[in-house]
Amino acid sequence: MRWMGRLFMFFLVVCVMTILQLLITITHISQNAHQVRYNGNDNNFTAFTGITIVPSASPINQLVRECDKEYDSLLGIPQYVLDTNCSDCKDFMCKSFLFKGTNQSLFVRAQAFMKKHPKVKLPDQDFVDLASNCTEFKKSRGYHLEPINAEEASYPIAFNILLHTDLEQVEKLLRAIYRPQNIYCIHVDAKSPKTLHDGVRAVVNCFENVFIASKLEHIVYAGFSRLQADINCMHDLVQSSVPWKYLLNLAGLSFPLVTNAELVKVAKIYNGMNDIEGITRHILRSRFENEWTEVNGKQMKKTGRKNPKPPHDMDIVRGSAYGMFSREFVEFILNDQKAQDFLQWSKKTYSPDEHYWATLHHTWYNPHLHTPGGYSGYPDSKPWLAVYAAWGGRDKCAGMLKRGVCIFGIGDLQQLLKHREMFANKFYLSYQPLALECMENWIEYKTRCPVPFDEDYYKNIPFIKSKWKFW
């Protein structure tokens, strides 16, 4: 019978310890989380005092955390709404447009509001005066003049930004991605108005690590000049003293989906591998089998002649004009003879920026190139995460379509927050400006108050899984 008494005492001690641990946990939650309740919906949290709903790509029902009230205001009513003195817009808060659980009638009202109150864009020339006092300009515009943490401070990234219009929107992009350790090359279309060139020059002069490309191209849509503009910036960037490790080329109308700190985490996981789209099922052969030329600096036309086959027995792979390139890949592009011969051949093709990076990168078809950071798997089988664009007929678009590409609106924000890509293209500041301002505020909020970031997803994508190693 003695053993039964000992067994009873053992279970009693275990129960007491379990109850004490439970009480400690409940007390901790009460003190630090202020009564968070999950309501059972995969995309919904109900949060109380001081708790901000934080989405993640998949699933959203992860950590709900408390952040400083100073930064929580970023997810409140956008400045664009406040400037109108609208008395019926107190529920027009960014958190309502960004997170699930919002009544659709709010989106309808917001769209009507934006039509009634169109965004008045800041003229490009105004930036000459705004940036005349650089200290005040950087302070008033909210630039991050110090690295957010030690990890991003030690990992500089390079950016190409191509623009031909709308400096106000491009300056928002620059502000969102700016860090003092990074370096930025701005290419302004040579045929853009003088007011745009003057405004860009004024902004650039306020930063030691932002510069205008040394050679500017007269860019023709789908012409070789578009690709050459990126190449020009790459030439300038490799000659800089900044030891950048990755380069992203961006359209002026794109905007980040991740913070710079999150981008650094992804780049370190990539560890020298490139992130470049690859498409082989719809090659669009007429773009390169026929000879094309830029006409009068305005449009592309066929010459009626055929192009020779690509040099060095290359097989063409189609992809995006944008990517995330390792420094070794960029240096390969600029210095390798095969890459240079391919660049010359591409001069007489249509939209060469949509096959140049992709063909060089995908060594499944071109193993003889020995491309640094190249992908040896089947091109169509992997995700491409540098830039997200929604195409009409394939992807959801709550905004409007232009040339088959979605211009994102407020109805797209909740889907965008689920995406794993680094950037989204395109936003128009003049179209549903609440969309861009709320995305801008969300990135700033995440910068100030970091949220959980799923690094494991990137470690397990096809072109990384077998290559990734611990840092």
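The values are calculated or read from the model by the stated rules, or taken from the named source; none is laboratory data. All values reported here derive from a predicted model rather than from experimental measurement. All Cβ positions, even for glycine, are placed from backbone atoms using ideal geometry, and neighbour counts span all protein chains on display.
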For residue 334, which of the numbered conditions (1) touching an Asp or Glu at 6+ places or on another chain (Cβ under 9 Å); (2) on the phi < 0 side of the Ramachandran plot fails to hold?
(1)
Mind checking which residues of segment 167-185 are surrounded by fewer than 20 Cβ atoms within 10 Å (Cβ to Cβ) and either touching a Gly at 6+ places or on another chain (Cβ under 7 Å) or closer than 15 Å to residue 233 by Cα (or both)?
175
Checking residue 217 against (1) part of a helix (DSSP H, G or I); (2) among the acidic types (Asp, Glu); (3) free of Cβ contacts under 8 Å to residues at least 60 places away in the same chain, which single condition isn't satisfied?
(1)
How do the pairs read when you match residues in segment 160-173 that are free of Cβ contacts under 8 Å to residues at least 60 places away in the same chain with residues anywhere that are of a type outside the set (Val, Ile, Thr) and part of a loop (DSSP other than H, G, I, E, B), using Cβ under 6 Å and keeping only pairs 6 or more apart or on different chains?
167/124
Tell me which residues, restricted to segment 196-237, are touching a Leu at 6+ places or on another chain (Cβ under 8 Å) and among the polar types (S, T, N, Q).
232
Of everything in segment 220-252 that's aromatic (Phe, Trp, Tyr) and in a loop (DSSP other than H, G, I, E, B), which residue is modelled with the highest pLDDT?
244
Determine which single condition residue 283 fails, assuming it passes every other condition in (1) under 24 Å from residue 387 (Cβ atoms); (2) at pLDDT 95 or above.
(2)
Any residue in segment 314-334 that's farther than 19 Å from residue 422 by Cβ: show its pairings with residues that are among the acidic types (Asp, Glu) at Cβ separation under 8 Å, as long as the two are six or more apart or on different chains.
318/354
Scan segment 180-209 for residues that are over 20 Å from residue 230 (Cα atoms) and touching a Pro at 6+ places or on another chain (Cβ under 6 Å) and jot them down.
181
Please verify whether residue 238 is surrounded by fewer than 23 Cβ atoms within 10 Å (Cβ to Cβ) and under 24 Å from the mean Cα position of the chain (by Cα), treating the condition exactly as stated.
yes
Condition first: under 19 Å from residue 399 (Cβ atoms) and among the aliphatic types (A, V, I, L, M). Now tell me which residues in segment 89-109 satisfy that.
98, 106, 108
Qualifying positions in segment 175-219 - of a type in the set (D, E, K, R) and more than 24 Å from residue 264 (Cβ to Cβ):
189, 191, 194, 198, 201, 215, 217
Subset of segment 298-350 [touching a strand residue (DSSP E or B) at 6+ places or on another chain (Cβ under 8 Å), assigned to a loop (DSSP other than H, G, I, E, B) and closer than 23 Å to residue 384 by Cβ]
317, 319, 320, 321, 322, 323, 349, 350
Is segment 99-117 home to any residue that is buried (at least 18 other Cβ atoms within 10 Å of the Cβ) and within 23 Å of the chain's Cα centre (by Cα)?
yes
Cβ pairs under 7 Å, 6+ apart, first in segment 100-116 and within 12 Å of residue 411 (Cα to Cα), second assigned to a helix (DSSP H, G or I) and modelled with pLDDT of 95 or more:
100/414; 107/410; 107/411; 110/410; 110/434
Scanning segment 175-209 residue by residue, the ones that are in contact with a strand residue (DSSP E or B) (Cβ under 7 Å, 6 or more places away or on another chain) and within 18 Å of residue 152 (Cα to Cα) total 6
Taking the conditions exactly as written (at pLDDT 95 or above and either on the phi < 0 side of the Ramachandran plot or not assigned by TED's automatic domain parsing to the domain that holds residue 242 (or both)), does residue 348 satisfy them or not?
yes
Filter segment 285-297 down to residues that are in contact with a His (Cβ under 9 Å, 6 or more places away or on another chain) and not in a strand (DSSP E or B) and give me whichever is surrounded by the fewest Cβ atoms within 10 Å (Cβ to Cβ).
297
Among the residues of segment 130-156 satisfying the criterion of being in contact (Cβ under 8 Å) with a residue 40 or more places away in the chain and surrounded by fewer than 15 Cβ atoms within 10 Å (Cβ to Cβ), which is nearest to residue 439 (Cα to Cα)?
142
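So that you can scan it fast, the table gives a plain yes or no per residue for (1) in contact with a Lys or Arg (Cβ under 6 Å, 6 or more places away or on another chain); (2) buried (at least 21 other Cβ atoms within 10 Å of the Cβ):
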site	(1), (2)
404	no, no
410	no, yes
416	no, no
419	no, no
422	no, yes
430	yes, no
433	yes, yes
436	no, yes
439	no, yes
